[in-house]
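Working notes, structure below.
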Amino acid sequence: EKFSEEDKQAARLCSSHGWEPRTRPARIYDTFTFNDEEDILKVRLHELNELVYKFVIVEADITFQYKSKPLHLDSSRVLQAYGDKVERVLLNKSRIRRGGDDVWAVEVAQRNEILEGLKDARPDDLIIIADVDEIPKRESLRLLRVCHGYTAPVLMKGHFHQYGFHLEYKEGWSLGPKVILRDMMYGAVNPQLVRMTHLGPSDSSIMEQAAWHLSWFVDAHDGGIEHIQSKFASFSHVEYNYENFTDTERLKRYIEDGRDFFSDYLGERMGGLMAHGSCDMSVLPRLVVEQPQEFAPWISHCDVKDEEEEQR
């Protein structure tokens, strides 16, 4: 594969990070787990398609709370535009070893199943390990694609938004995505271990403001609350799946007030939620910018100026 003009421009920035340009761009596998996040999946694939060699999407026939679920990707229209570029990996519950009250068994098994989609990967291919709602920025990923010399795994630290782009945690999101060379994952070094590797603030493998975390991004007025309640009944934190916590009116109130669902129990996380009076559309995922009406619930609380207003 040859460098595009955008690649060549990005390669000029390698030295500013202490890296060197590659002789050819790296192949990238974007790998992540999926439950039913159709809109976020659409945004992710559109954002990264130009740079990614293969998307590896792992879906299970049970939730993280060990309840049967349909395979939503079977009926997904999002994947049709990407053809063979998408590698679906299906995890059957019969393959999951669940010991006692291990509530994390399904999540860990589903993430480690990523390896099934990497059988054709080359040793020097770059592998992104992430949740579907942790989306690398295209320009940051391009830098990793055209430069080498960084230590792995690389943490793409990002903006941590909740409910919509108008709310953001002050300290950002420090748990992913991670990028690692394929030949560095072997034996005990599996995708789950890579995911949970915590890098210190002085580590040269951290890229700042290199991704977005779209947490609890749903439409609160069009079936969104039911979707949120379904997520509480699906994800690994079973301790929050009880009636008072997931009460419809409580969830609506917290979203409208811009409060973290978990603030009563965990206190202020990541420096607390910070409200923005406006959203800078130029730094949002490209599909949101290109199709603002489709993703209106995500930017409905933003004071977004259109191009005509900017020219006045």
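The values are calculated or read from the model by the stated rules, or taken from the named source; none is laboratory data. Computed from a predicted model, the values in this text were never measured in an experiment. Cβ placement follows ideal geometry from the backbone for every residue including glycine, while neighbour counts extend to all protein chains displayed.
Could you list, in sequence order, the residues of the range 163-192 that are in a helix (DSSP H, G or I) and more than 17 Å from the chain's Cα centre (by Cα)?
Arg182, Asp183, Met184
If you go through the range 64-73 one residue at a time, do you hit one that is under 19 Å from Pro136 (Cβ atoms), in contact (Cβ under 8 Å) with a residue 60 or more places away in the chain and in contact with a Phe, Trp or Tyr (Cβ under 7 Å, 6 or more places away or on another chain)?
no
Filter the range 125-142 for residues that are part of a strand (DSSP E or B) and either of a type in the set (D, E, K, R) or free of Cβ contacts under 8 Å to residues at least 12 places away in the same chain (or both); which is nearest to Val194 (Cα to Cα)?
Result: Asp131.
Looking only at the range 48-58, decide whether some residue is among the polar types (S, T, N, Q) and at pLDDT below 95.
Checked against the condition, which is being among the polar types (S, T, N, Q) and at pLDDT below 95, the range 48-58 yields no hits at all.
Under the condition of being of a type outside the set (A, V, I, L, M, F, W, C) and either farther than 18 Å from His213 by Cβ or assigned by TED's automatic domain parsing to the domain that holds Phe295 (or both), which residue from the range 39-56 is surrounded by the most Cβ atoms within 10 Å (Cβ to Cβ)?
Lys54
Within the range 57-71, track down each residue that is surrounded by 12 or more Cβ atoms within 10 Å (Cβ to Cβ) and more than 25 Å from Leu284 (Cβ to Cβ).
Val58, Glu59, Ala60, Asp61, Ile62, Thr63, Phe64, Gln65, Tyr66, Lys69, Leu71
Inside the range 158-176, can you point out the residues that are buried (at least 23 other Cβ atoms within 10 Å of the Cβ) and without any contact (Cβ under 8 Å) to a residue 60 or more places away in the chain?
Gly158, His161, Gly176
Can you go through Arg145, Arg122 and tell me which one is modelled with pLDDT of 95 or more and outside any loop (DSSP other than H, G, I, E, B)?
Going through Arg145, Arg122 in turn, the sole match is Arg145.
Quick check on Val194: is it buried (at least 16 other Cβ atoms within 10 Å of the Cβ), modelled with pLDDT of 75 or more, within 30 Å of Glu139 (Cβ to Cβ) and β-branched (Val, Ile, Thr)?
Judged against the criteria, Val194 is a match.
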